[in-house]
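The structure appears right after this line, and notes come after that.
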Amino acid sequence: MRVSQLYVYPIKSLRPTTVNEGILTPRGFQYDRHFMLLKVLPAEDGSDTTTLKNMHVPHFPEMALFHTDIEYPQTENDSGKVIVTYHPPPSEFGPEPRERKRLEIPLQPNTKTLNPLTVTMHQSPTTGYSMGAEYNDWFSACFGYPVILAYLGPNSREVLGTLAPAKANKNSALRGIWNIVTNKTTDKKREWFLPVLVVAFVANILIQAYSFIRQGKTPQTASSLLPALLAPVALVLYYMLHAQPEDRITFADCAPYLVISETSVDNVSARLPDGTEMDRTKFRPNIVVSGAENAFEEDFWSVLTLGSEKTRLLLTGNCVRCQSLNVDYTTGKMGTDESGTVLKKLMKDRRVDKGAKFSPVFGRYSFLETRGSGTNLKVGDEVVVAERGKKRTVLDWPGLTN
C-alpha cells in the first residue's frame, strides 16, 4: 500500500491544504488545526455579556466555502502564512461566480500581543488567543455574523477517553515490557532498559554476597537473594511502564491523525449515482492510503509503518461520522441531492462500533509513536500493516453524543 494523499487543516473545519509531504509530530502534522473559529453569541438578557460557540462544519456548513493554503517558513525570520480564500456560493439570481475574498494570516503569530481566551472542545479545555479585529472582522463579514479567529499558540488539549495509546494500554503491563524489549517502544527507552537491568542484577548479587561473607554466612538457596534482586527490577519496570509521555492534541476533535482508505472511499462512491464520486475530503482525513485489498479492512488495523524509516502510527479507535458528510461544498449548505444522503447510506451497514451504536464508522483515529517525531512523510511512501486487531475496537470518548 502507499500514501496517496496528505491533508493539513490549518484552520479547523475549513477546507484542507493538500500537501505532497508533511512533518509528523505527536500532535499531528506540523501546523494542523492550530486555528479555529468561534461564533460570538449575544446574551439573551440584552446585556453586553457574550459567549463563544465552537464552529464545526456539520453545524456551520458554510465553513466549507473557505479554502486554505499554507506558505511554509523559508527562513528563521519568516513566520509563514495561512492563505484563506472565500468562495461565495452561487447567487440565487444566476450561476455566475461571485467575487472571491482573500486573507493572509501569520502561520505563527506572536501570542504576547494577543488576548487569551478559553476554548473547550468535547470537555477538553485549553487556552487560545483571539487574533484581533483585522482577522475577526474579515471572517465576520464573510459569515454575516460576528466570529473570532482563535490561535492555539504553544498550548494543547488532553486526549480524553481511551483513545490515547497510553490509556488504551494501561492494563497491558506484560505487553508494555515486551514492546520495550522488542524495540516497539515510543521513545529511546530500550537503549538503556536492558543495561540497567543487568547492572541492577550484578550489583545486588555482589552486595548480597559480600554481606553474607562478612557475616560468616553461606546462602543455602537462591531464595535468600530473591528480595534484593527483585527490588531494583520492580523499580525499573514501574518507571518504564508509568513514565510514558502524555498524549496531547491541538484543535483536532480527539486524535492527532485520521487515516482513511481509498478502497473504502470507492465503496462509498459505488453507493452514489453513476458518475458521482465521493469527495474524500468530506471525511476530513490527514493520511489517505491506497492499495488496500478490501473496503473497510482498516477497521482492524492496529499499527501502520510509514515510509523507509518505518515510522509507526498507532490506530487506536474508529472515527464515527455525522452530518458533515452531507454538506454540499459548492453551496455551503446540506446537500439536497444524493450527496446529501451519504450518512444515511452508511447507516445501513457501517454501525459497527459498540461504543457508538447509532453512528456509522469510517476511518481510524491515530497517534504517532514519539520516536517518529520529525519524520517527513511523503505521497508515495510505502504503508505496511504491522499489526492487526483480532476484534473491533470500542470507542470510549466523553465527547460522543450517541
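Derivation of every value follows stated rules applied to the coordinates shown; laboratory data play no part. Just so you know, these numbers come straight off a predicted model, no measurement behind them. Here the Cβ positions follow ideal geometry from the backbone for every residue, glycine too, while neighbour counts run over all protein chains shown.
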Quiz item: What is the spin-label model distance, in nm, from S373 to T341 if the labels are put 7 Å beyond Cα along the C-beta direction?
Solution: 4.8 nm
Quiz item: R0 = 45 Å: FRET efficiency of Q123 with R98, Cβ-based, nearest 0.05?
Solution: 0.70
Quiz item: Hey, fewest Cβ within 10 Å first, where do V8, V384 land in order?
Solution: V384, V8
Exercise. Treating each Cα of the range 11-150 as an identical point scatterer and ignoring solvent, apply the Debye formula and state log10 I(q)/I(0) at q = 0.12, 0.18, 0.22 Å⁻¹.
Key: -0.55, -1.18, -1.62
Quiz prompt | Fully extended contour minus Cα-Cα distance, from A141 to V199, at 0.36 nm per residue | solution = 14.2 nm
Exercise. Return S156, S308 ranked ascending by Cβ neighbour count within 10 Å, so the fewest neighbours appear first.
Key: S308, S156
Practice problem: For the range 32-73, state which GluC sites (Glu not before Pro) are in a DSSP loop and have at most 15 other beta carbons lying within 10 Å of their beta carbon. | Solution: E44
Quiz item: Working out 0.36 nm times the residue gap between D274 and L114, then minus their Cα-Cα distance, what length gain in nm do you get to one decimal?
Solution: 52.5 nm
Quiz item: Based on the mean of other beta carbon atoms within 10 Å per residue, what is the order of 125-131, 317-323, most packed first?
Solution: 317-323, 125-131
Practice problem: Would you mind computing, in nm to one decimal, how far apart the modelled labels at N20 and S47 are, each placed 7 Å from Cα along Cα→Cβ? | Solution: 5.6 nm
Practice problem: Please order E76, E369 by the number of other Cβ within 10 Å, starting at the fewest. | Solution: E76, E369
Quiz item: How much net charge surrounds Y7 when only the other residues with a Cβ under 10 Å from the Cβ of Y7 are counted, with Lys and Arg +1 and Asp and Glu -1?
Solution: +2
Practice problem: Take the alpha-carbon centre of the range 45-67, take the same for the range 276-340, and report the distance between them in whole Å. | Solution: 25 Å
Practice problem: Please state the charge dipole magnitude for the range 10-131, taken about the Cα centre, from unit charges on C-beta atoms (+1 on K and R, -1 on D and E), reported in debye and rounded to the nearest 20. | Solution: 180 debye
